[in-house]
Amino acid sequence: MRIIVPMAGMGKRMRPHTLTVPKPLVPIAGKPIVQRLVEDIAKVCQEPIEEVAFIIGYFGSAVEQKLMEIAASVGAKGTISYQEEPLGTAHAILCAKESLEGQVVVAFADTLFKADFTLDTSADGTIWVQQVEDPRPYGVVKLNEQGQITDFVEKPDTFISDLAIIGIYYFKDGAYLRDELQYLLDNNIKDKGEFQLTNALENMKNKGTIFVPGKISEWLDCGNKDATVYTNQRYLEYIKGEEGLVASSVKVTNSVIIEPVYIGENAVLNNSVVGPHVSIGKNTTVSDTVISNSIVQENTVIKGANIKNSMLGSFVSFTGTPTDLSLGDYNVLKE
């Protein structure tokens, strides 16, 4: 089994947090989004993960090394491919065409999920979907009476279905997928100006490939600050009670921790209330502060604040009282 992870987007909706780090490496409950994604896929797969192929922009050697470590965490080798310009989902996947062999899971790195099933690898293909109130921003599928997918429609202007494709797909034959993606590029077949995976899926279905929906218990978006803070909250609920969520090296003085929380190595809490649903990175100091439902990254200093529903990057220095923040790395803010 191979996992293909397109993640070359610039993450504009997550700025300023993506000005210094790619969005998939923003932490959720102490681990990068993309690591959570890869680990969750590995849990539902019956097969060992042979390779994790990351499709990225030019993020630098430190990011690439981190991605190799993430692949190793599920017992797989990691590979890097580059997408130099955004030409659509089909083009992004095809950038890793050497890895499109055998059984593959394609997972776009801006969404997380929770599922209580084991992937059925006997199916030709599985498309993970979730019912949504407004399907217009998504690719959607229609089903027949047998529960098989009959249509793929990209961002429908009129109502077709409310089953949105969440961005995670299983293919029994990766080489077949590769050939169908290449056909789109060779023949300049675009939808809304880009090469879309849904067009390849439609072609495969018309040739007899049977796709079935994969149902999930929860779809967690990481597209903007508020959604990411909420996803952090939900993940902390999932993993509460696990060992190591509060590092043994954390220094706590006259402070209260309200679980579930994640607190990294060598963090310092002085005269503060932390939690619930707070993630704090390593080497961060929180003093005279009340903080809830927030993400704070590494090497940050917070003093005299009342913070909720917020994201603070690494190397931030913040003193004050605002309650809803989105501060990127290296910011200094005082009341």
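The values are calculated or read from the model by the stated rules, or taken from the named source; none is laboratory data. Fair warning: this is a prediction, and the values are worked out from it, not measured in the lab. Quick reminder, even Gly has a Cβ in these numbers, built from the backbone with ideal geometry, and neighbours come from all protein chains shown. Accessible surface is based on the protein model in full, side chains and every heavy atom, while ligands, DNA and RNA are left aside. Shrake-Rupley method; radii C 1.70, N 1.55, O 1.52, S 1.80 Å.
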Quiz item: Restricting attention to the range 184-209, and to residues there that are within 27 Å of the chain's Cα centre (by Cα) and within 16 Å of I149 (Cα to Cα), which single residue is modelled with the lowest pLDDT?
Solution: T198
Practice problem: Of the conditions (1) surrounded by fewer than 20 Cβ atoms within 10 Å (Cβ to Cβ); (2) assigned to a helix (DSSP H, G or I), A90 clears all except one; give me its number. | Solution: (1)
Quiz item: Could we say that A72 is open to solvent by less than 30 Å² (accessible area, probe 1.4 Å) and at pLDDT 90 or above here?
Solution: no
Quiz item: For the range 242-254, how many residues are open to solvent by 80 Å² or more (accessible area, probe 1.4 Å) and either assigned by the TED database to the domain that holds E39 or assigned to a loop (DSSP other than H, G, I, E, B) (or both)?
Solution: 4
Exercise. Restricting attention to the range 173-209, report how many residues are surrounded by fewer than 17 Cβ atoms within 10 Å (Cβ to Cβ), assigned to a helix (DSSP H, G or I) and either outside the structural domain of V105 (by the TED database) or in contact (Cβ under 8 Å) with a residue 60 or more places away in the chain (or both).
Key: 3
Quiz item: Does at least one position in the range 251-261 carry a residue that is more than 22 Å from the chain's Cα centre (by Cα) and hydroxyl-bearing (S, T, Y)?
Solution: yes
Quiz item: Would you pick out the residues in the range 130-152 that are open to solvent by less than 70 Å² (accessible area, probe 1.4 Å) and under 18 Å from the mean Cα position of the chain (by Cα)?
Solution: Q130, G139
Practice problem: Please tell me if Q233 is open to solvent by 10 Å² or more (accessible area, probe 1.4 Å), part of a helix (DSSP H, G or I) and more than 30 Å from Q83 (Cα to Cα). | Solution: yes
Quiz item: Out of all the residues in the range 185-224, which are touching a His at 6+ places or on another chain (Cβ under 8 Å) and closer than 18 Å to E98 by Cβ?
Solution: L185
Practice problem: May I ask you to list the residues in the range 94-129 that are open to solvent by 10 Å² or more (accessible area, probe 1.4 Å), at pLDDT below 85 and either outside the structural domain of D40 (by the TED database) or under 22 Å from the mean Cα position of the chain (by Cα) (or both)? | Solution: D110, K114, A115, D116, F117, T118
Self-check item: Among the residues listed as I280, I257, I263, the single one being open to solvent by less than 10 Å² (accessible area, probe 1.4 Å) and in contact with a Gly (Cβ under 8 Å, 6 or more places away or on another chain)
Solution: I280
Quiz item: If you take the residues in the range 295-309 that are surrounded by 24 or more Cβ atoms within 10 Å (Cβ to Cβ) and touching a residue at least 40 places away in the same chain (Cβ under 8 Å), which one is nearest to N232 (Cα to Cα)?
Solution: I295
